[in-house]
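Worksheet: one structure, shown below.
The values are calculated or read from the model by the stated rules, or taken from the named source; none is laboratory data. Everything numeric here is computed off the predicted structure, so don't read it as measured data. Glycine gets a Cβ as well: all are built from the backbone with ideal geometry, and neighbour counts include every protein chain shown. What goes into the accessible areas is simple: the full protein's heavy atoms, side chains included, and nothing from ligands, DNA or RNA. Shrake-Rupley method; radii C 1.70, N 1.55, O 1.52, S 1.80 Å.
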Amino acid sequence: MKRGWIGSALAQALVYTFVAGGIAAAQTVTGPVDGAIGLQPAATEIAQDIANFHTLLLWIITAVTLFVLALLIYVMVRFNKSANPTPKKFTHNLTVEVVWTVVPVLILVGISLFSFPLLFKQEQIPEAGLTIKATGNAWRWDYSYPDQGVDITSLPLNEADAKAQNRPFRMAVDEPMYVPAGVNVRMLVTSNDVIHAFSVPSFGIKEDAVPGRINETWFNVPKEGIYYGFCQELCGMLHGFMPIEVRVVSPAEFDRWIQSKGGQLASAATVIEAPTTPAAAPPAEPAAAPAPTAPATPG
Amino acid sequence: MATNTTAHADEHAHDHDHRPSPYDPRRWLFSTNHKDIGTMYLIFAIIAGLVGGILSGLIRWELAQPGIQIFWGMAEAGNLGTDKMFSVAMADGSHKAIFGNEHSYNVMVTMHGLIMIFFMVMPAMIGGFGNWFVPLMIGAPDMAFPRMNNISFWLLPFSFALATISMLVPGGSMGAGFGGGWTLYAPLSTSQQLHGGPSMDLLILSLHIAGVSSVLGAINFIVTIFNMRAPGMTLHRMPLFVWSILVTVWLLLLSLPVLAGAITMLLTDRNFGTNFFNAAGGGDPVMYQHLFWFFGHPEVYILILPGFGIVSQIVSTFSKKPVFGYLGMAYAMVSIGVIGFIVWAHHMYTVGMGLELEAYFVAATMIIAVPTGIKIFSWIATMWGGSIDLKVPMLWAIGFIFLFTLGGVTGVVLANSGIDTVLHDTYYVVAHFHYVLSMGAVFAIFAGFYYWLPKMSGLKYSGFLGGLHFWIFFVGVNIIFFPQHFLGLQGMPRRYADYPEGFAYWNYVSSVGYAITAVGALVFFYMLLDMFVIRRRKLSAAENASPWGEGATTLEWTLSSPPPFHQFNELPVVVEEKHH
């Protein structure tokens, strides 16, 4: 078996890279890794907070489960009918009853000390350097950059094109959503028909696209690269075929992309000139080899 | 109440244990006997479980590896093939022809959920074991309303038939059947474009009928438990299984009307031009989710609470020790039931409901872990100091305790809205609710089945086959569902007919687990064949009342096996020691 799960777990800890076909530059790509057992690598500070909180919870729930398992094994052995032919008849013990009520309460209070700050951080949307509106349709995503006057429709690549470009089938799209690195991006999410959900696991975001409502979330990705996400609310036949591809690029390259889409750079530049500094984001490395790429132009 | 018992007494005076022939269809069609009706419920649940299990087999087959395996060609043959670009197809609207049918996959997912919930777990636990053993355990001759009991059951096959037919009739532009998930979310379920066909309407009617059946059953149980307990059988002496059914049927009675209202609004939105859930007409799709989950969350406790009761009886019986902390156990169930009504929106953390509301639902949801923990530890404390006999029902019950714990702790993870932004609608959720339902509720059903089967039939089953069934199932379901935690953490969304290569490995493992579990199911059916046809071993005279020895203290074990057609012509009197 070539994919041992431990090896995969280690591999999953590394953001893997590959050369995008037709584009002569290495890109860091973040998406699902075969055989991995944990969360995707965090690309934003929020995602890192989520990962840390999850690690904490994983320790707690593993301990609880193993404790229960240990108790079960102990009673099955120690109080087996062969080991203990005469059953005792007690039915109460106030002390242990109080303990197993109070201790879980304390554990839960402890969890909430971490849970609520994370929730508040996610839900309080900071001053944004860029606003993008994602609109779900059965079955594709439309992205519009209202301040730049850019509207694009994002469709998944078919299998042949994906292969030809050495990009992942069922995740790669013809028109990815471009965002500049290190900028607070405010996502407005809505839908034209049924409910969809806009999610990028490595950003730690997921927001339902509900017709008649505009939901709001945000992210700030310090590191350039390609990040994949999915529609996460059942929306009909091709629910599994409306992937999300986000390209995080340097502000300069983002400007070039906006221009190539016929957008208004002026308004874009004014906003982007004052990016909030990416606050000590987790995988904080200097932006990897900025690749002056033309936007992928598959057929 | 008084007239009721008198009527029965008259009937029995000249007709002691008159048991009509099982080959007389009138015995079943016109049955007013709680044991016969219970038997019909159990057989119905087994059949529905088989159908639901086959659907899940198709799901795992489709997901065994990336790429579409089976769900195309079920409709619109001749236009298939990945070489057709779906970008183009979607742009010009000809997608349905290209895709054969991923929609059919969604239909399977939808119907697997609905069938397992409404036609397998609920009929088995409440209709089957509830009907059989609530009257026996409280010392009653029958249910309070025997004729209503009859219609409660007989509505179900028609409901099931409507649900099954809904898979075959046009669902809308995407193909046959309704593929919007068991939650029936609007506007996918009300979209004329996507689900304009009669399929969804049939499904709504099916759920209405199933709901009526359940509400009638619930009323019957409440009246029976409140009014027909034998002398001395106070509420605080009732066996915990009866308590669990009492809490469950209250949840049914209070939550099902909300579902009925919600799906009636779906029906009028679809057919009569209302706009309850249509944003363009001033409605709100999210309101449907609130209504649905106000029913849906109590519903998941409806599925698991009777299992708590069953496991309590079994753990006590096979430890030869009374239940530890009886009152705590009973009121833990009551509090789970009450809190279950105020946590519904934790299913909807990502709809954009606002910080304060999310924070409330996080807190309320986590509180449920406390009474649940009390139950887990009380079961272990019941075994502590006991003399444990690891017979087949006890294996299933201990398996239940462990796997339910495992599913419960992932529930604590999901309760945190902060983490739910990553895990919502992923396979982590699928793994979570299958650990508490597929392994919680279903293990409890099998535990109860193996526990009471000798009582219901008067026959012995092969302990070897029962144990084999348990171990194959235990290994199989864990191989199916444990890897789904990994898939969910990696971000794999639910309800995807196809997935990127990055999810391939664990999906393959999961599908292998299904094959193992299917072998376990075959062992189960062979066990039944062996018990009822091949060997037909009767319980010996010594074991006739109770094959489980001194630990089995509830009233059903004082009767013969199978119990007389009408029991307790003279009501038993329950004294202090009898309770536990």
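Considering only Cα-Cα distances, which of the following residue pairs are longer than 21 Å: B:LYS375/B:LYS455; A:LYS133/A:LYS163; B:LYS391/B:LYS460; B:LYS321/B:LYS538; B:LYS320/B:LYS375; B:LYS455/B:LYS538?
Working: B:LYS375/B:LYS455 26 Å; A:LYS133/A:LYS163 30 Å; B:LYS391/B:LYS460 13 Å; B:LYS321/B:LYS538 27 Å; B:LYS320/B:LYS375 18 Å; B:LYS455/B:LYS538 11 Å.
Violating the 21 Å limit, Cα to Cα: B:LYS375/B:LYS455; A:LYS133/A:LYS163; B:LYS321/B:LYS538.
Roughly speaking, what is the stretch gain from B:PHE30 to B:VAL223, that is 0.36 nm per residue apart minus the C-alpha to C-alpha distance, in nm to one decimal? Walk me through the intermediate numbers first.
Working: separation 193, 0.36 × 193 = 69.48 nm, distance 2.15 nm.
Length difference between fully extended and current span is 67.3 nm.
Compute the FRET efficiency between B:LEU168 and B:LEU253 as 1/(1 + (r/R0)^6), taking r as their Cβ-Cβ distance and R0 = 35 Å, and round to the nearest 0.05. Please report the intermediate quantities before stating the final value.
Working: r = 33 Å, r/R0 = 0.94.
The computed FRET efficiency comes out at 0.60.
Where does helix B:240-271 land angle-wise versus the long Cα axis of chain B, in degrees 0 to 90, nearest 10?
Between the helix axis and the principal axis of chain B, the angle is about 30 degrees.
Taking the DSSP beta bridges in the protein assembly as shown as the whole, what percent of them are antiparallel, to the nearest 5? Spell out each step's value before the answer.
Working: 35 of 50 bridges.
Rounded to the nearest five, the antiparallel share is 70 percent.
Restricting to segment A:179-250, compute how many DSSP beta bridges are antiparallel as a %, nearest 5. Write out the running numbers ahead of the final one.
On the way: 17 of 20 bridges.
Percent antiparallel among DSSP bridges in segment A:179-250 is about 85.
What are the residues of segment B:315-352 that lose 20 Å² or more of accessible area, with a 1.4 Å probe, going from their chain alone to all protein chains?
Listed in order, they are B:LYS320, B:LYS321, B:PRO322, B:PHE324, B:GLY325, B:THR350, B:VAL351, B:GLY352.
Residue by residue, what Karplus-based ³J(HN,Hα) values in Hz, rounded to whole numbers, does segment B:193-204 have, using 6.51, -1.76 and 1.60 with θ = phi - 60° and x for Gly and Pro?
6, 8, 10, x, x, x, 4, 5, 5, 4, 5, 4
Restricting things to alpha carbons, tell me how big the protein assembly as shown is in terms of Rg and Dmax, in Å.
Radius of gyration, then largest Cα-Cα span, for the protein assembly as shown: 28.6, 98 Å.
Given the C-alpha centroids of segment B:356-400 and segment A:128-154, what is the distance between them in whole angstrom?
The distance from the Cα centre of segment B:356-400 to that of segment A:128-154 comes to 47 Å.
What percent of all Cα-Cα pairs in segment B:427-580 falls into each 10 Å bin, going from 0 up to the bin containing the maximum distance?
All Cα pairs, binned at 10 Å, distribute as 10, 29, 25, 18, 13, 6, 1 percent.
Quick check: convex hull over the Cα atoms of segment B:373-427, volume per residue in Å³, rounded to an integer?
Details: hull volume 4.4 nm³, N = 55.
That works out to 79 Å³ per residue.
So in segment A:118-235, what percent of DSSP beta bridges are antiparallel if you round to the nearest 5?
On the way: 23 of 31 bridges.
Roughly 75 percent of the DSSP beta bridges within segment A:118-235 come out antiparallel.
Pop the C-beta distance of B:LEU327 and A:ASP151 into the FRET formula with R0 = 56 Å and round what comes out to the nearest 0.05. Walk me through the numbers on the way to the answer.
On the way: r = 64 Å, r/R0 = 1.15.
According to the calculation, E is roughly 0.30.
Before anything else, pin down the relative contact order of segment B:410-497: Cα pairs under 8 Å, at least 6 apart, normalised by residue count, whole percent.
Working: 54 pairs, mean separation 48.1, N = 88.
Contact order relative to length: 55 percent.
Quick check: pseudo-label points 7 Å beyond the Cα along Cα→Cβ at B:VAL334 and A:ALA70, how many nm apart are they?
3.5 nm
Can you list the residues of segment A:229-258 whose accessible area drops by at least 20 Å² going from the chain on its own to the full set of protein chains, with a 1.4 Å probe?
Residues losing area: A:PHE230, A:GLN232, A:GLU233, A:LEU234, A:GLY236, A:MET237, A:LEU238, A:HIS239, A:GLY240, A:PHE241.
Using θ = phi - 60° and the Karplus form 6.51 cos²θ - 1.76 cosθ + 1.60, what ³J(HN,Hα) does each residue of segment A:50-55 get, whole Hz, x for Gly and Pro?
4, 4, 5, 5, 5, 4
Carbon and sulfur atoms: what percent of the 1.4 Å accessible area of segment B:364-448 do they account for? Each step should come with its number before you reach the end.
Working: 1050 of 1310 Å².
With neighbouring chains kept in place, the figure for segment B:364-448 is 81 percent.
Would you give the gap between the C-alpha center of segment B:470-535 and the C-alpha center of segment B:221-248, rounded to a whole Å?
37 Å
Whenever you get a sec, compute what percent of the accessible area on segment B:150-290 sits on carbon and sulfur atoms (1.4 Å probe). Present the calculation step by step, with values, prior to reporting the outcome.
Values: 3250 of 4430 Å².
That share works out to 73 percent.
Placing +1 on the Cβ of each Lys and Arg and -1 on the Cβ of each Asp and Glu in chain B, which of B:VAL121, B:VAL286, B:THR268 has its Cα farthest towards the positive end of the resulting dipole?
Checking the options against the dipole of chain B, the answer is B:VAL121.
Could you tell me which of A:ALA47, B:ILE339, A:LEU113 has its Cα farthest along the dipole of the protein assembly as shown towards the positive end, charges placed at Cβ (Lys, Arg +1; Asp, Glu -1), taken about the Cα centre?
Farthest along the dipole direction, towards plus: B:ILE339.
Based on the Cα atoms of segment B:129-192, what semi-axes does the equivalent ellipsoid have, where each is the square root of 5 times one gyration tensor eigenvalue, given in whole Å with the largest first?
Details: eigenvalues 296, 33, 16 Å².
Working through the eigenvalues yields semi-axes of 38, 13, 9 Å.
For segment A:89-98, take each phi angle, set θ = phi - 60°, evaluate the Karplus expression 6.51 cos²θ - 1.76 cosθ + 1.60, and give the result in whole Hz per residue in order, putting x for glycine and proline.
Couplings: 10, 5, 10, 9, 7, 4, 4, 5, 5, 5 Hz.
With the solvent-accessible surface defined on protein heavy atoms using a 1.4 Å probe, which residues belonging to segment A:153-175 display a reduction of at least 20 Å² in accessible area in the multichain context relative to the isolated chain?
A:LEU155, A:PRO156, A:ASN158, A:GLU159, A:PHE169, A:ARG170
Please state the Cα pair-distance histogram of segment A:100-248 with 10 angstrom bins from zero: what percent is in each bin?
So the P(r) values, bin by bin, are 11, 37, 30, 13, 7, 2, 0.
Extending each Cα 7 Å along its Cβ direction at B:ILE342 and A:LYS89, get the distance between those two points in nm, one decimal.
4.1 nm
Give me, ordered by chain and number, the residues 5 or more places off A:VAL173 or on other chains with an amide H under 5 Å from its own placed amide H.
Those qualifying (amide H under 5 Å, at least 5 residues apart or on another chain) are A:LEU157.
Between B:ALA541 and A:LEU56, how many nm apart are label points set 7 Å from Cα along the C-beta direction?
6.8 nm
Taking R0 as 41 Å, what FRET efficiency do you get between B:ILE54 and B:LEU571 from their Cβ-Cβ distance, rounded to the nearest 0.05? Intermediate results must be reported in sequence, preceding the final value.
Details: r = 45 Å, r/R0 = 1.10.
Computed FRET efficiency for B:ILE54 and B:LEU571: 0.35.
What accessible area, summed over both chains, is buried at the A-B interface (1.4 Å probe, Å², nearest 100)?
Working: alone 16690 and 22570 Å², together 30550 Å².
Buried: approximately 8700 Å² between B and A.
Counting only heavy atoms of protein chains, what accessible area per residue, in Å², does the protein assembly as shown have with a probe of 1.4 Å? Don't skip to the answer; put the middle values down first.
On the way: 30550 Å² over 879 residues.
Here the per-residue accessible area is 35 Å².
Using alpha carbon centroids, what distance separates segment A:172-206 and segment B:294-332, in Å?
Value for the Cα centre distance between the two parts: 44 Å.
If the only charges are +1 at each Lys and Arg Cβ and -1 at each Asp and Glu Cβ, what is the size of the charge dipole of chain B around the Cα centre, to the nearest 20 debye?
Numbers: 24 positive and 30 negative charges, 225 e Å.
So the magnitude is around 1080 debye.
Starting from the amide H of A:VAL29, placed 1.01 Å from N in the peptide plane, find each other amide H under 5 Å away whose residue is 5 or more places distant or on another chain.
Placed amide hydrogens put A:TYR16, A:PHE18, A:ILE226 under 5 Å from A:VAL29.
Only four residue types carry charge here, +1 at the Cβ of Lys and Arg and -1 at the Cβ of Asp and Glu. Report the dipole size of segment A:164-240 about the Cα centre in Debye, rounded to the nearest 20.
Values: 6 positive and 8 negative charges, 41 e Å.
Charge dipole, segment A:164-240, about its Cα centre: 200 debye, nearest 20.
Suppose a student asked you for the relative contact order of segment B:306-430, using Cα pairs under 8 Å spaced at least 6 residues apart; what percent would you report?
Details: 102 pairs, mean separation 48.1, N = 125.
That works out to 38 percent.
Under the classification rounded if a/c is under 1.5, otherwise prolate if a/b is larger than b/c and oblate if not, where does segment B:446-527 fall, given a ≥ b ≥ c as square roots of the Cα gyration tensor eigenvalues?
Numbers: a/c = 3.63, a/b = 3.03, b/c = 1.20.
Judged from the Cα gyration tensor, segment B:446-527 comes out prolate (a/c at least 1.5, a/b above b/c).
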